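Enquirer: Dropping the structure in here first, questions after.
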Amino acid sequence: MSKLLIVGTVAFDAIETPFGKTDKILGGAGTYIALAAEKFGVDSAIVSVVGDDFPQDYMQLLKDRNVNLEGLEVVKGGKTFFWSGRYHNDMNTRDTLDTQLNVLADFQPKVPENYKDAEVVMLGNLHPLVQLSVLEQVKNPKLVALDTMNFWMDNALEDLLKVIAKVDVLTINDEEARQLSGEYSLVKAARKIEKMGPKFVVIKKGEHGALLFHDNQMFFAPALPLEEVFDPTGAGDTFAGGFAGYLAKTNNTSFKNMKNAIIYGSNLASFCVEKFGTERMLNLSDEEIDERLKVFKSLTQFKIDLN
C-alpha cells in the first residue's frame with residue numbers, strides 16, 4: 001500500500017438546491033478527496049490551510065478517519081475559505097453566490113517530511129502555482145494526478161500548462177477538456193491533452209459517466225442512475241479521491257487497474273450526491289459500498305456472441 005498526499009481546499013460551503021439549503025458546512029476539495037480515499041484504508045495526509053475559525057470538531061472528524069493533518073496550516077486570526085452556490089433545477093448548472101478566498105489568498109503549502117516520499121499525489125483544484133510548489137517538495141512520486149477547472153484556464157493558463165506538463169493523470173470535465181484543447185470531439189481533445197504531458201486523461205461527464213484515455217486505448221464508465229440527487233457539490237472531488245485512493249491501495253498504475261479505479265471513484269461519487277455536503281460520505285458503510293459496486297458490475301458487464 002502506498003502513501004497518498006492530498007492537496008486541496010479545506011473549507012466552508014453554503015449550498016442551495018431545489019431540495020433545500022444549508023448554512024456554513026464542512027466542504028472543500030481536499031476534504032472530499034480525503035473522505036473518499038479513507039474508504040481504502042490508505043495512509044493519507046492533507047496539505048491545505050484554514051483560519052482559526054475552523055472548528056476543532058471538524059479537525060477531529062478528519063483525524064478519526066486517519067487523515068494526517070500535519071500539513072494543514074491554521075492561520076491565527078484568519079478566516080477559512082468560503083464558497084456559496086445555488087444549483088438550478090437540472091442540478092448540472094449552478095451560480096456561485098459568494099467566494100471568499102480569505103487565508104487561501106496567501107497560502108504557501110508545506111508538505112510534511114513524512115509525506116515527501118508519498119507514492120501517489122492527488123493535486124486537488126487550487127491555483128496552479130500552489131500545485132507546482134507541492135511538486136517541488138515531493139520526491140519522485142510514482143503517480144501524480146491533477147484536478148483543475150476552467151477558472152484557472154481563464155486566469156492562469158500559462159502556470160496551469162506548466163503543472164499539466166509534470167503530471168501523469170489529468171482529470172477535468174467535458175466542457176473544460178474542450179476549452180483546454182480547442183477540440184469539440186472528446187477523443188480528439190484527449191489526444192491533444194496527452195501531448196501536453198499527462199499519460200492518462202480522465203474526462204468527467206457528470207451524470208453521464210467518465211472517460212479514460214491512454215495512448216490509443218479508451219474506457220468508459222457510466223454514472224449510476226439515481227432516483228434523487230440532493231447536492232452535486234464535491235462529487236467530482238469524491239470521484240478523484242476514490243480514484244487516487246484505490247490506486248494508492250493497490251499500488252498499481254497500469255491502464256487495466258486505472259479502469260477499476262474509475263469505477264471505484266464513480267461508485268463513491270454516486271453516494272456523495274445523495275445528501276448535502278459531506279453528510280453521506282461521513283455515514284457510509286463498507287457494506288453499502290460493496291452492494292453498489294455489484295450494481296455497477298451488473299450495469300457494465302454483458303456477454304455477446306460475435307459471429
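Enquirer: What does a probe at Glu183 reach in the range 252-268, counting residues whose amide N is under 20 Å from the point 7 Å along Cα→Cβ?
Expert: Flagged as within label range: 255.
Enquirer: Related question: Which longest uninterrupted range of the chain lacks any GluC sites (Glu not before Pro) assigned by DSSP to a loop state (not H, G, I, E or B) and surrounded by at most 14 other Cβ atoms within 10 Å? Let's see the in-between values first.
Expert: Values: sites that count: Glu70, Glu227, Glu228.
The longest such stretch corresponds to 71-226.
Enquirer: Please say if the range 19-105 is rounded, prolate or oblate, where rounded means a/c under 1.5 for a ≥ b ≥ c the square roots of the C-alpha gyration tensor eigenvalues, and otherwise the choice is prolate for a/b larger than b/c and oblate otherwise? Write down the numbers at each step before the final one.
Expert: Details: a/c = 2.23, a/b = 1.31, b/c = 1.69.
Cα axes put the range 19-105 in the oblate bin.
Enquirer: Still on this structure, please answer the following. What does the accessible area of Asp95 come to, in Å² to the nearest 10, when a probe of 1.4 Å is used?
Expert: Roughly 60 Å² of Asp95 is accessible to a 1.4 Å probe.
Enquirer: How high is the relative contact order of the chain, in percent, with contacts defined as C-alpha pairs under 8 Å that are six or more residues apart?
Expert: Details: 666 pairs, mean separation 55.6, N = 307.
Over the chain, the number comes to 18 percent.
Enquirer: Which FRET efficiency value, to the nearest 0.05, do you get for Lys199 and Asp23 by plugging their Cβ-Cβ distance into 1/(1 + (r/R0)^6) with R0 = 45 Å? Could the numbers behind the result be given before it?
Expert: On the way: r = 42 Å, r/R0 = 0.94.
That gives a FRET efficiency of 0.60.
Enquirer: For the range 212-279, what Kirkwood radius comes out of the mean inverse Cα-Cα distance, in Å?
Expert: Values: mean 1/r = 0.0796 Å⁻¹.
Across the range 212-279, the inverse of the average 1/r is 12.6 Å.
Enquirer: In terms of solvent-accessible area of protein heavy atoms at a 1.4 angstrom probe, what is the ranking of Tyr184, Tyr246, highest value first?
Expert: Result, largest first: Tyr184, Tyr246.
Enquirer: Can you give me the accessible area per residue for the range 34-170, using a 1.4 Å probe, in Å²?
Expert: Values: 6470 Å² over 137 residues.
For the range 34-170, the solvent-accessible area averages 47 Å² per residue.
Enquirer: Let me ask you something else. Order the following by accessible area, largest value first: His127, His214. Probe radius 1.4 Å; ligands, DNA and RNA are ignored. Can you show the working numbers first?
Expert: Numbers: His127 60, His214 35 Å².
Heavy-atom accessible area, descending, gives His127, His214.
Enquirer: Scanning the chain for helices, which whole DSSP H stretches are 24 Å or more long along the axis (Cα) and average -0.5 or more by Kyte-Doolittle? All intermediate terms of the calculation are to be shown ahead of the outcome.
Expert: Values: long enough: 255-272 (26 Å, 0.27).
The answer, listed by residue number, is 255-272.
Enquirer: Given the Cα-Cα distance of Glu70 and Lys142 and 0.36 nm per residue of separation, how much length would full extension add, in nm?
Expert: Gain on extension, Glu70 to Lys142, equals 23.7 nm.
Enquirer: Most fluctuating residue of Leu247, Leu186, Leu143 in a GNM of the chain with Cα springs under 10 Å: which is it?
Expert: Leu186
Enquirer: If you don't mind, another one. Give the percent of DSSP beta bridges with both residues in the chain that are antiparallel, rounded to the nearest 5.
Expert: Around 40 percent antiparallel, to the nearest 5.
Enquirer: Given the whole protein assembly as supplied and a 1.4 Å probe, what does the accessible area of Lys275 come to in Å², nearest 10?
Expert: 90 Å²
Enquirer: Which order do Ser133, Ser181 take by accessible area at a 1.4 Å probe, largest first? Mind showing how you got there, number by number?
Expert: Working: Ser133 30, Ser181 5 Å².
If we order Ser133, Ser181 from most to least accessible, we get Ser133, Ser181.
Enquirer: Then there is this: Of the accessible area of the chain, with the probe set at 1.4 angstrom, what percent is carbon plus sulfur? Kindly include the intermediate steps, with their values, before the conclusion.
Expert: Details: 6770 of 14410 Å².
The value for the chain is 47 percent carbon and sulfur by accessible area.
Enquirer: If you take the square roots of the eigenvalues of the alpha-carbon gyration tensor of the range 3-300 and sort them as a ≥ b ≥ c, do you get rounded (a/c under 1.5), prolate (a/b over b/c) or oblate?
Expert: On the way: a/c = 1.25, a/b = 1.09, b/c = 1.14.
Cα axes put the range 3-300 in the rounded bin.
Enquirer: Would you mind telling me the antiparallel percentage of the DSSP bridges in the range 154-253, rounded to 5?
Expert: Working: 9 of 14 bridges.
Rounded to the nearest five, the antiparallel share is 65 percent.
Enquirer: At a probe radius of 1.4 Å, what is the per-residue accessible area of Thr253, in Å² to the nearest 10?
Expert: 40 Å²
The values are calculated or read from the model by the stated rules, or taken from the named source; none is laboratory data. For clarity, every value in this text was computed on a predicted model and none was experimentally measured. All Cβ positions, even for glycine, are placed from backbone atoms using ideal geometry, and neighbour counts span all protein chains on display. Accessible surface is based on the protein model in full, side chains and every heavy atom, while ligands, DNA and RNA are left aside. Shrake-Rupley method; radii C 1.70, N 1.55, O 1.52, S 1.80 Å.
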